[in-house]
1. Return yes or no: is A:VAL297 under 22 Å from B:ILE140 (Cα atoms), within 14 Å of chain B (Cβ to nearest Cβ) and among the β-branched types (Val, Ile, Thr)?
2. Taking the stated definitions as given, is A:ILE236 modelled with pLDDT of 90 or more, in contact with a helix residue (DSSP H, G or I) (Cβ under 8 Å, 6 or more places away or on another chain), closer than 30 Å to B:LEU316 by Cα and at the interface with chain B (Cβ under 8 Å from one of its Cβ atoms)?
3. Answer yes if at least one residue in the stretch B:208-228 is surrounded by fewer than 19 Cβ atoms within 10 Å (Cβ to Cβ) and aromatic (Phe, Trp, Tyr), and no otherwise.
4. Across the stretch B:293-319, what is the number of residues that are exposed (fewer than 15 other Cβ atoms within 10 Å of the Cβ) and either without any contact (Cβ under 8 Å) to a residue 12 or more places away in the chain or under 16 Å from B:VAL35 (Cα atoms) (or both)?
5. So how many residues does the stretch A:119-140 have that are assigned to a loop (DSSP other than H, G, I, E, B) and crowded, with 20+ Cβ neighbours inside 10 Å?
6. Yes or no: B:VAL303 more than 13 Å from every other protein chain (Cβ to nearest Cβ), of a type in the set (A, V, I, L, M) and not in a loop (DSSP other than H, G, I, E, B)?
7. Could we say that B:THR146 is assigned to a helix (DSSP H, G or I) and under 21 Å from the mean Cα position of the chain (by Cα) here?
8. Give just the number: which of (1) of a type in the set (Phe, Trp, Tyr); (2) within 14 Å of another protein chain (Cβ to nearest Cβ); (3) without any contact (Cβ under 8 Å) to a residue 40 or more places away in the chain does B:TYR207 not satisfy?
Amino acid sequence: MNTRFSLKRFQALPSLLLVLLFVVIDAFLIPHFLSDAYASSFFTSYTPLILLTIAETVVLIGGGIDISIGSIVSLVNVTWVTLGGAGWGFWSSLVVSLLAGLAIGVLNGAVVAWLRVSPLLVTLATSSIAGGLALWIMPYPGGSASANLVTWYQATFAGIPAPLLFVVIAYLLWLGWALTPWGLRLFAMGNHMHKTYVSGVPVASIQFATYVFSALVAGIAAIAVTANTGAGDPTIGATYTLYAIAAAVIGGVSLNGGVGTAAGAIFGSIFLGLAFSTVYAANMPSFYQDLTSGAIVLCGIIFASLTKLRRRRQFA
Amino acid sequence: MKGRPVELNDAAVAGAGRNIRLRLANSKFRIYIPVLSASVALLILGQILSPGFASASNIGNLLATAVVLAIASFGQTLVVISGQEGIDLSIGAMMSMGALIGVQVSDQSSLGLWGAVLLLIGTGALVGLIHAVCIQFLRIPPLVMTLGMATVVDGFALAYTKGLPSGTAPKLLTAIGIGHVGPIRTLLLFGIAMVVIGEFVLRRTRYGRNLYLAGSNRMAAALSGIHVNVVVFVTYVIAGIAGTLGGLVMLGFVGTAQLGMGDGYTLLSIAAVVIGGTALAGGEGTFLGSALGAVVLTILTSVLLAVGMQEGVRELIQGAILLLVLAIYSRAPKLRQ
């Protein structure tokens, strides 16, 4: 137990160092970087990414991958805004839209776990299903979210930005899984599916649960996205998928399964957020920003794989 | 001890060979039956829903449209056959970039069309090379690598055009894209030639054979003296070049270039490859199958369009069909075995 814990810390360390490095760089580059206001605006923008990285991490630890989380965010976002516009109450519309997102997760999990189809292709197909649904419900960006929600989301309580509440919820959800025996079974399954199956662990059910979990957390991320933009947009989630996978990889999560922590996921996504903030702060023309952010993400993935290669060689 | 059994074996092999060849011809044909019958069924459905759908000229249009998708599936087929979870999620972005650079270079610089072609071959090869290095040596899964590269390529296209693509397609490209040779669409002839050449490369060249071997078992291929790295490098480089040049063909077909115009082809090319019977585990698959998969998907999209379905619904149905095909054809064996 003790060695497992120290190893866990070690995994998140490189991403933590990257975060600290960029905090120091940005403290010099970006005016008022160390102020409460900047922290609050940072977390309003990047809380969705942090949540989606946690969602992706759980699936990756289980040896799968979920590339439908971005589309789930879009689906929940447009459903919520559309139902709100149709006169539904705040909570009833929220519950229905979260259930819509969960339905995609249930579909993912059922097809991957019990029909045994490659998770990559299943979630690719379901991302088209969820994205298509979102586009069907709301063909063009529009509508508006509850004004109270938007105001609350931007507030700070005792210096703590409100969006962090979502991160805490997601982290507690993860701890609720990881600290029970089911956490150990999840890691075991990610390490070696067949051996875990032979040991009598119901691997199909755990696989199913990872996709449902990721859809649930993606739904929470959609709440944060909606509160941040205050409107509905059928393609708002599309770019998040890659960033979430990249952030997880940078945070020390293995794409081969069995290795990773939620803390690493959080640091990895905060690092990406800081890197993007630096790009925006550099005042470059807008049409260069996509290229630069894309290059940073790719370099982050390559850097993470290089450190992993080195680690593997040390063990070999 | 050695003499007689060999003779016996020879006779047995000769007899079995004829049998196997017969059976192979049979099974090869059988693979395409669902795809072909689905195409015919969709054509009939389209004809019922909107008369004139199955007319000769519309079928020509459908096949020409399918050729663009078949080109996108060309690189995808190779990458999937190469195995080790090979997949290329950058194809759509590469095609968009090919069209954008193609139109800008051939229209507004002294390089002309052929200069643009050379430039695009170089760019495609470079991207393929980066893919191969990162996948083969840094052990980054192809999915993540190509997805990451797709955003870089899209970002590059945005930066290159400064968000405002301009110019029209060169005459030669439009001649390929929408012209006719006699009564037949030039693009269709182009597509047939591509499938024939592709099948020849897969079946009759050393690269093709090595690709199948490396795809079905990397370790065994390496142990039997195949340079697996070379095979993988060539595969991703061809896929990159096919992506950018496919963008040029798409440019000729559409007439103008837009940002992100090829993005939809990523998902569709994977669907075409899966429907065409290429095993996602690698080591198996044909261009002909992918091309037929492209035909089915194109007819399906046209039927949905003819009924007047919105983009969202079409995307939804495409996703659902891919899921269905996967659930039928690509299930892994039970853990119990």
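The values are calculated or read from the model by the stated rules, or taken from the named source; none is laboratory data. Note that the structure is predicted; figures quoted are calculated from it, not measured. Ideal geometry is used to build each Cβ from the backbone, glycine not excepted, and the neighbour counts take in all protein chains shown.
1. Yes; evaluated as a whole, the condition is true for this residue.
2. no
3. For the stretch B:208-228, residues surrounded by fewer than 19 Cβ atoms within 10 Å (Cβ to Cβ) and aromatic (Phe, Trp, Tyr): absent.
4. 3
5. Summing the residues that are assigned to a loop (DSSP other than H, G, I, E, B) and crowded, with 20+ Cβ neighbours inside 10 Å in the stretch A:119-140 gives 1.
6. Spelling it out, B:VAL303 is indeed more than 13 Å from every other protein chain (Cβ to nearest Cβ), of a type in the set (A, V, I, L, M) and not in a loop (DSSP other than H, G, I, E, B).
7. Yes, satisfied.
8. (2)
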